[in-house]
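S.K.: Take a look at this one; I'll ask things after.
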């Protein structure tokens with residue numbers, strides 16, 4: 001199972017006077033935030049030439065709540081990996097990260113995608129987010145990838161800052177700019 005973990009040294013909190021500065025955390029800086037992205041629980045909605053929803057689970061192991069306002073996605077050179085079952089154990093032959101044709105929607109180049117509404121993840125908590133139309137299946141995608149459970153390529157960063165606002169209830173639906 002491909003799991004993106006923003007790990008490493010804990011990110012520094014940047015403070016100017018009394019206001020917190022939003023920070024972009026690269027993979028090696030965002031200790032304590034984990035993101036898993038898959039087309040589960042709705043694999044049947046993605047077919048060649050279409051967009052489909054992606055379920056992500058954001059886990060915040062930090063002692064403070066974090067507001068997430070965007071993600072940095074990789075370019076479209078790495079595809080999703082397909083699995084035959086929701087447990088994401090048995091990979092499907094012919095539906096690999098090199099051949100599936102399933103990518104993050106709008107990811108032709110690596111760049112930040114801002115969420116339509118910020119998400120507040122509580123301290124030591126998890127939040128499930130359903131991202132509308134966040135995956136795209138190329139028209140040439142192999143038959144083996146249709147109706148597969150797909151794990152999308154790892155995100156490359158997150159835009160976050162500590163907050164004291166109420167946490168977002170889980171699950172929630174959101175989208176981002178393309």
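None of the figures in this text is laboratory data; all of them are computed from the coordinates on show. The structure presented is a predicted model; accordingly, all values stated were derived computationally and were not measured. For neighbour counting, all protein chains shown are included, and Cβ atoms are generated from backbone atoms with ideal geometry for every residue, glycine included.
S.K.: Relative contact order (percent) for region 52-178, with alpha-carbon contacts under 8 angstrom and 6 or more residues of separation?
M.R.: 42
S.K.: Test of understanding: express the Cα radius of gyration of region 52-107 as a ratio to 2.2 N^0.38 Å, with N the residue count.
M.R.: Computed over Cα atoms of region 52-107, the ratio equals 1.43.
S.K.: Work out, step by step, the length gained on full extension between residue 98 and residue 128: first 0.36 nm times the residue separation, then minus their alpha carbon distance; give nm to one decimal.
M.R.: 8.1 nm
S.K.: Length gain on complete extension for the stretch residue 140 to residue 87, per 0.36 nm per residue less the alpha carbon to alpha carbon distance?
M.R.: Full extension from residue 140 to residue 87 adds 16.5 nm.
S.K.: Oh, and also: Over region 76-178, consider all pairs of different Cα atoms and compute the Kirkwood hydrodynamic radius from their mean reciprocal separation; express it in Å, one decimal.
M.R.: Mean inverse Cα-Cα distance, inverted, gives 15.2 Å.
S.K.: Starting with the fewest neighbours, write out 71, 114 ranked by other beta-carbon atoms found within 10 Å of each beta-carbon.
M.R.: 114, 71
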